[in-house]
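Here is the structure we will look at, set down as structure tokens.
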4 protein chains.
Amino acid sequence: MARPRSEEKRDAILTAAMELIAEHGLGAATAEIAKVAQVPHGSVFTYFGTKSALLNELYVELKTELSESILEAMPGDGDVREQLHHLWGRWTDWGVSNPPKRRALAQLGVSDQITETSRKAAAVVAGPAVEIVDRARSSGALRDAPLAYVGALVEAMAGTTIDFIIQDPGNAERVRDAGFEALWQAIS
Amino acid sequence: MARPRSEEKRDAILTAAMELIAEHGLGAATAEIAKVAQVPHGSVFTYFGTKSALLNELYVELKTELSESILEAMPGDGDVREQLHHLWGRWTDWGVSNPPKRRALAQLGVSDQITETSRKAAAVVAGPAVEIVDRARSSGALRDAPLAYVGALVEAMAGTTIDFIIQDPGNAERVRDAGFEALWQAIS
Amino acid sequence: MARPRSEEKRDAILTAAMELIAEHGLGAATAEIAKVAQVPHGSVFTYFGTKSALLNELYVELKTELSESILEAMPGDGDVREQLHHLWGRWTDWGVSNPPKRRALAQLGVSDQITETSRKAAAVVAGPAVEIVDRARSSGALRDAPLAYVGALVEAMAGTTIDFIIQDPGNAERVRDAGFEALWQAIS
Amino acid sequence: MARPRSEEKRDAILTAAMELIAEHGLGAATAEIAKVAQVPHGSVFTYFGTKSALLNELYVELKTELSESILEAMPGDGDVREQLHHLWGRWTDWGVSNPPKRRALAQLGVSDQITETSRKAAAVVAGPAVEIVDRARSSGALRDAPLAYVGALVEAMAGTTIDFIIQDPGNAERVRDAGFEALWQAIS
DNA sequence: GATGAATGAGGCTTCATTCAT
DNA sequence: AATGAATGAAGCCTCATTCAT
């Protein structure tokens, strides 16, 4: 009779992978990940099959966590600016308070190891957030641009803002607010 | 006098590295780079010392080429919008017509192998372009934000735009123009 | 018309090799030797042909220098104890005042790169010193042992003494004198 | 439970290393060591981590084996001369019957790859043998010399004697006995 | 399922020697 | 002779994955 897999181990591996990727890039060794997660090396493969699969699951996990964080406490009937402001604040806060997650996600995002399937899965969970962006841009310069493009722009601006605040935390609030104004001008 | 180093070999190695990094990421093997460049493996180290040094030189080279391309034929006394428009057009054109260069640069940019020294060297050659951005934002939402942040935002938007056009070339012109409008609204 | 070889360069290479071997063992790279000697890498091979030849010449050179140092000012008609005492003092002084030379010689001595020819050449220059040892042992425990063995014993004791003094210079004189007494007891 | 490490493999690697170092010096390639030991190349690193660690373990192993061999059947209450004679006989016998071990140990002993930690570990196991030397020298010329120096002298004399006998086995017994007399005179 | 040893291809770098200039 | 770039074999070590226990 097979023992059931442990959710804790799975999470420990994902967390360790996230930290090591943030620090050492995608070259982080599975053996090292196992050590940090305090699980046997073999378990990485019991739980994820291949390193590539692990990276993909981590990518989706981080994207999901980010999306959920963005949507949490989203004002439901507020006007669009208010909603976009909420989105922006949550997004940048998530990254600023989790530098390793932000860095890991940045590495994963540009990697060719992440499959189209994973990217689509991430897009699905990001759907509600994208809808807000869609409404916000409905009468602006980007009103006729592909929605995927507009979403990517927002993501790029948020990522840049997070990185800048991490590196220079002194002006956090000012940068975040100025960034939002720029975003609002850009798309509304 | 001994044989002088060959500029051609150096360039061949850099070009091969660029292509392979675009295709396989920073894990591209030095032996493979040498093969594509049609030089012996050892020559990679004669010319660059270490793989890391090669990556750094490639990074600076690409950034320099991009900066020069942006500034070429820049209208000198035109108004700021016109200058920013030139910058945007040149930038996105460079990326769209050189997907491997854009992809390699994107990989290198997020790598922790690129030293602060290289990043500073790149910042220096990008100086004149940044000045234009500085003038353009002088009365907009980002007027009081750190210039480095604004520059990073422009870079992020340009990169996103290039990637989108490469992936969906049909709407190239429309996306590029919409992108510019968004940029102009964001910073002016 | 060929330029004559420069004695200075030759010596610079030998000196650099000696220093680097003392520090890094026989694996010292010829390129590094050339750099320390401030000569072009190719000159190492112009002057010595192969690395192995360089090592052999260095070995003979050091052995010769040591032998000459031992014999210098040797009391000609003194009794044997006095001569052996002179030999011992000179020998240990040479090593103690030239740690790199001692260390290089120790490395070279155990190397299988040193040919029989070189060892014989070194034995020839050491001849007069060996004669003194021969006379000293003529009525002792080693009177019937092969002379080469007795010579090797003296060399081993001198080397050990030098190493010990280098490592613990505080007791230099006491150790050197005790060493001599031990030697004298051993062979006389 | 996973497969336990195999003592046999470990020993095979150490033995192969010892043989190849005796023959080719410390430059012996890890791949060659693996081949001779009939294990995959990677196993060398599974068992020893680095080549340097392998050399250090081999050094301690050989020193330990030698020390144990010296002390085996040591007459407990015999007088000191008898004990020293036993030590000398065992020591030289060990070397003469194991030329590769003696040669490997000689190479390792002068290498700067051997750490102070390893040298100290070797000194510990050699402790009882050193005590005998200490007692033997208590009223001789070296009575006030540092014990470490006296021990090193004995080691040097034993090594020299072994090498000489290996190279000229005809006079084995005579040389060994003469060597002992010399040693006894030197220190007692 | 749990564990960590086993595996060998592949990666980066070094190096003695040669040779174009 | 002088110079240092050219060369590619060889060296040490890493690593994802498998599998014996």
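Would you pick out the residues in the stretch C:14-38 that are free of Cβ contacts under 8 Å to residues at least 24 places away in the same chain, within 14 Å of chain D (Cβ to nearest Cβ) and surrounded by fewer than 19 Cβ atoms within 10 Å (Cβ to Cβ)?
Of the residues in the stretch C:14-38, the ones free of Cβ contacts under 8 Å to residues at least 24 places away in the same chain are C:15-16, C:20, C:24, C:27-29, C:31-36.
This time we only want the ones that are within 14 Å of chain D (Cβ to nearest Cβ), so: C:20, C:24, C:27-29.
Of everything in the stretch C:14-38, those that are free of Cβ contacts under 8 Å to residues at least 24 places away in the same chain, within 14 Å of chain D (Cβ to nearest Cβ) and surrounded by fewer than 19 Cβ atoms within 10 Å (Cβ to Cβ) turn out to be C:His24, C:Gly27, C:Ala29.
If C:Val44 satisfies all but one of (1) more than 9 Å from DNA strand E (Cβ to nearest atom); (2) surrounded by 17 or more Cβ atoms within 10 Å (Cβ to Cβ), what's the number of the condition it fails?
Looking at each condition in turn, C:Val44 falls short on (1).
So how many residues does the stretch A:25-69 have that are modelled with pLDDT under 95 and either in the same structural domain as A:Arg103 (by TED's automatic domain parsing) or under 18 Å from the mean Cα position of the chain (by Cα) (or both)?
The initial filter retains those residues of the stretch A:25-69 that are modelled with pLDDT under 95, namely A:25-27.
Add one more test, that the residue is either in the same structural domain as A:Arg103 (by TED's automatic domain parsing) or under 18 Å from the mean Cα position of the chain (by Cα) (or both), and what stays is A:25-26.
Going through the stretch A:25-69 one residue at a time, the tally reaches 2.
Read through the list (1) closer than 24 Å to A:Leu26 by Cβ; (2) of a type in the set (Lys, Arg); (3) outside the structural domain of B:Val130 (by TED's automatic domain parsing), then give the number of the only condition that B:Arg10 fails.
So the condition that B:Arg10 fails would be (1).
For the stretch C:92-118, enumerate the residues that are under 17 Å from C:Ala172 (Cα atoms) and away from chain D (no Cβ under 14 Å). Don't jump to the end; show me each part of the working.
Start the filter on the stretch C:92-118 by keeping residues that are under 17 Å from C:Ala172 (Cα atoms), which leaves C:92-99, C:102.
Result: C:Asp93, C:Trp94, C:Ser97, C:Asn98.
Look at B:Ser67 and say whether it is of a type outside the set (A, V, I, L, M), closer than 20 Å to B:Thr115 by Cα and more than 14 Å from every other protein chain (Cβ to nearest Cβ). Show your work before the answer.
Details: of a type outside the set (A, V, I, L, M): yes; closer than 20 Å to B:Thr115 by Cα: yes; more than 14 Å from every other protein chain (Cβ to nearest Cβ): yes.
So B:Ser67 fits the description; yes.
Given the condition at pLDDT below 95, surrounded by fewer than 19 Cβ atoms within 10 Å (Cβ to Cβ) and within 21 Å of B:Ile165 (Cα to Cα), answer yes or no: does some residue in the stretch A:121-135 qualify?
Kept after step one, since they are at pLDDT below 95, are these residues of the stretch A:121-135: none.
No, because not a single residue in the stretch A:121-135 is at pLDDT below 95, surrounded by fewer than 19 Cβ atoms within 10 Å (Cβ to Cβ) and within 21 Å of B:Ile165 (Cα to Cα).
I need a count of the residues in the stretch A:171-188 that are more than 9 Å from chain B (Cβ to nearest Cβ) and either in a loop (DSSP other than H, G, I, E, B) or not acidic (Asp, Glu) (or both).
Of the residues in the stretch A:171-188, 2 are more than 9 Å from chain B (Cβ to nearest Cβ) and either in a loop (DSSP other than H, G, I, E, B) or not acidic (Asp, Glu) (or both).
Of the conditions (1) within 13 Å of DNA strand F (Cβ to nearest atom); (2) surrounded by fewer than 18 Cβ atoms within 10 Å (Cβ to Cβ), C:Pro75 clears all except one; give me its number.
(1)
With the requirement that a residue be more than 17 Å from the chain's Cα centre (by Cα) and surrounded by fewer than 22 Cβ atoms within 10 Å (Cβ to Cβ), what does the stretch C:150-175 give you?
C:Gln167, C:Asp168, C:Pro169, C:Gly170, C:Asn171, C:Ala172, C:Glu173, C:Arg174
I'd like the full set of residues that are more than 7 Å from chain D (Cβ to nearest Cβ), part of a helix (DSSP H, G or I) and polar (S, T, N, Q), limited to the stretch C:136-170.
C:Thr161, C:Gln167
From the list C:Ser97, C:Ser6, pick out the single residue that is within 16 Å of DNA strand F (Cβ to nearest atom), without any contact (Cβ under 8 Å) to a residue 40 or more places away in the chain, of a type in the set (Gly, Ala, Ser) and surrounded by fewer than 16 Cβ atoms within 10 Å (Cβ to Cβ).
C:Ser6
Counting only residues that are hydrophobic (A, V, I, L, M, F, W, C) and within 16 Å of DNA strand E (Cβ to nearest atom), which one in the stretch D:47-72 is nearest to D:Arg102 (Cα to Cα)?
Here the answer is D:Leu54.
For A:Val80, only one of the following conditions fails: (1) more than 14 Å from every other protein chain (Cβ to nearest Cβ); (2) of a type outside the set (Phe, Trp, Tyr); (3) without any contact (Cβ under 8 Å) to a residue 40 or more places away in the chain. What is its number?
Among (1) more than 14 Å from every other protein chain (Cβ to nearest Cβ); (2) of a type outside the set (Phe, Trp, Tyr); (3) without any contact (Cβ under 8 Å) to a residue 40 or more places away in the chain, A:Val80 violates only (3).
Could you please let me know if C:Ile21 is part of a helix (DSSP H, G or I) and closer than 30 Å to C:Glu173 by Cα?
yes
Out of curiosity, is A:Ala152 among the small types (Gly, Ala, Ser) and farther than 17 Å from B:Arg176 by Cβ? Talk me through it step by step, then tell me what you get.
Working: among the small types (Gly, Ala, Ser): yes; farther than 17 Å from B:Arg176 by Cβ: no.
Against the criterion (among the small types (Gly, Ala, Ser) and farther than 17 Å from B:Arg176 by Cβ), A:Ala152 does not qualify.
Go through the stretch D:9-33 and give me each residue that's near DNA strand F (Cβ under 7 Å from one of its atoms), within 17 Å of D:Asn56 (Cα to Cα) and not aliphatic (A, V, I, L, M).
D:Gly27, D:Thr30, listed by residue number.
The values are calculated or read from the model by the stated rules, or taken from the named source; none is laboratory data. The shown structure was predicted, so the numbers you read here are calculated from the model rather than taken from an experiment. So basically every Cβ, Gly included, is an ideal-geometry build from the backbone, and we count neighbours across all protein chains shown.
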